[in-house]
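The values are calculated or read from the model by the stated rules, or taken from the named source; none is laboratory data. These numbers come from a predicted model, not from an experiment. Methodologically, a virtual Cβ is constructed for each residue, glycine included, from the backbone with ideal geometry; neighbour enumeration extends over all protein chains shown. Protein only, heavy atoms only, side chains kept; ligands, DNA and RNA dropped before computing areas. Shrake-Rupley method; radii C 1.70, N 1.55, O 1.52, S 1.80 Å.
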Amino acid sequence: MKSTILVIGAAGQIGSELVQALRSAHGRDKVIASDIHSSPPEVLADGPYEQINVLDKAKLAEIVIAHKCEEVYHLAALLSATAEKNPALGWDLNMNGLSNVLDLAREGHIKRMFWPSSIAVFGPNTPKDRTPQRTIMEPTTVYGITKVAGESWCEYYHKRYKVDIRSVRYPGIIGYKSAPGGGTTDYAVHIFHEALKQGHYDCFLSESARLPMMYMPDATKAVMEIMAAPEEKIGLRTSYNISGFSITPAMLADAIRVHIPEFTIRYEPDYRDAIAQSWPSSLDDHMAREHWGWKPDYSLQAMVEDMLLNLKKKVPVE
Ligand SMILES: NC(=O)c1ccc[n+]([C@@H]2O[C@H](COP(=O)([O-])OP(=O)(O)OC[C@H]3O[C@@H](n4cnc5c(N)ncnc54)[C@H](O)[C@@H]3O)[C@@H](O)[C@H]2O)c1
């Protein structure tokens, strides 16, 4: 039987785009999308789909073994803002879901796996500018705590059981094809939809909350490249800092105004602003660049231009 690729949590913001990229690269039938929902969203309907709750280890093992899923992308997680509302579920899903996948890799069923970490691993005591790969972490959210623990758990499985695990610390991801799933950086997607629909956006972060961000095509490229790299190039088995551009809501609003001059924004920071304040402003990603050749393609301006171009085709503007 030929081996296949499995994406867990495929119906989310990143998964729905990653599945499309993987299907283009490897063929539609080779990539199995899976999520907790009983049926796939339309964007995943062009290839195989399985309902998998990643916390159901027996069902997960059954699918992985039955379809010889030797490459797995594990994306199911409770994101930063949502996990603060239900910390126990955040811990359970983010830690036990990861453990279930790692165990199947330890048993030899999965040969190579990807699991994303996040800039949420960092906290208020972390140096904020050009945050180094290795530095003080001390996250304050349950999401960040699970990502730090998850990174060490991945490294442990690599050292102890030779699991080929690869990971990047994603910054906030901006894309036009899928909706964000309850993170602190979701504003950077909502702002485009509201700019086109209303010409106005009420922002839940403060004007000066500067955070590292990345355009979805770069986020997808990072996964594809780290997974394709020869094993000896992956010198880090915790997770790599990768960076796109660093922006505040005010900078993003200005960049949108270049194309929509009448666009207005009002700042009404809520609990998510405190989370944003505890995260880095920018990242030092030289290790990813040196080890496996990471280099983003999109600047802030290029991203804004492409987002507006594509969303205008989707959002009817009066
Ligand atoms: N989007 C970002 O800006 C960002 C930034 C940093 C890291 N990440 C990481 O990337 C990964 C994917 O993020 P995303 O933005 O696509 O998240 P998302 O919330 O959009 O998608 C997560 C998916 O997981 C599914 N899911 C939830 N519980 C599940 C379960 N028990 N079993 C199977 N599936 C389940 C959900 O239905 C959803 O489709 C996560 O690990 C996240 O921490 C995302």
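Some observations on this one:
- Across region 1-114, Cα pairs under 8 Å and at least six residues apart give a relative contact order of 28 percent.
- Using the Stokes-Einstein relation with a Kirkwood hydrodynamic radius computed over Cα pairs, the translational diffusion coefficient of region 184-318 at 10 °C and a viscosity of 1.306 mPa s comes to 98 µm²/s.
- Cross-link partners of LYS57 among lysines (Cα-Cα below 19 Å; sequence separation of 8 or more within a chain): LYS68, LYS111
- Rounded to the nearest Hz, the phi-derived 3J(HN,Hα) couplings of region 265-278 under the Karplus curve 6.51 cos²θ - 1.76 cosθ + 1.60 (θ = phi - 60°) are 9, 10, 9, 10, x, 10, 4, 5, 5, 5, 5, 4, 5, 8, where x marks glycine and proline.
- As a fraction of the 1.4 Å probe accessible area of region 37-117, surface on carbon and sulfur atoms comes out at 51 percent.
- Global form of the chain, assessed from the alpha-carbon gyration tensor, a/c cut-off 1.5: prolate
- Long-range HN-HN contacts of CYS69 with modeled amide H, under 5 Å: THR4
- At an R0 of 22 angstrom, the distance between the Cβ atoms of VAL43 and ALA302 translates into a FRET efficiency of 0.40.
- Under the Karplus curve 6.51 cos²θ - 1.76 cosθ + 1.60, θ = phi - 60°, whole-Hz ³J(HN,Hα) for region 77-90, x wherever Gly or Pro sits: 7, 9, 7, 4, 6, 5, 5, 5, 7, 9, x, 5, 5, x
- Taking the helices alone, the chain has a mean residue ellipticity at 222 nm of -12000 deg cm²/dmol, built from -39,500 (n - 2.57) per DSSP H run of at least 4 residues and averaged over all its residues.
- Rounded accessible area per residue of the chain, 1.4 Å, Å²: 42 Å²
- Annotation: amide H of GLU50 within the under-5 Å range of ALA33, SER34, ASP35, sequence separation 5 or more or interchain, hydrogens built in the peptide plane.
- Note on LYS313/LYS85: beta-carbon distance plugged into 1/(1 + (r/R0)^6) with R0 of 25 Å gives a FRET efficiency of 0.15.
- The chain: relative contact order in percent, alpha carbon pairs under 8 Å with at least 6 residues between: 18 percent
- Pairwise label distance in nanometres, GLU290 with MET251, each label 7 Å out on the Cα-Cβ vector: 2.5 nm
- Whole-angstrom gap from region 1-54 to region 98-173, using each part's C-alpha centre: 22 Å
- Using θ = phi - 60° and Karplus 6.51 cos²θ - 1.76 cosθ + 1.60, couplings along region 157-162 (whole Hz; Gly, Pro as x): 5, 5, 5, 7, 10, 6
- Local net charge near TYR215, Cβ-Cβ under 10 Å (Lys/Arg +1, Asp/Glu -1): -2
- Considering only the chain, percent of DSSP beta bridges that pair antiparallel, nearest 5: 10 percent
- Potential lengthening of the chain between ASP202 and TYR271 amounts to 23.4 nm, from the contour at 0.36 nm per residue minus the alpha-carbon distance.
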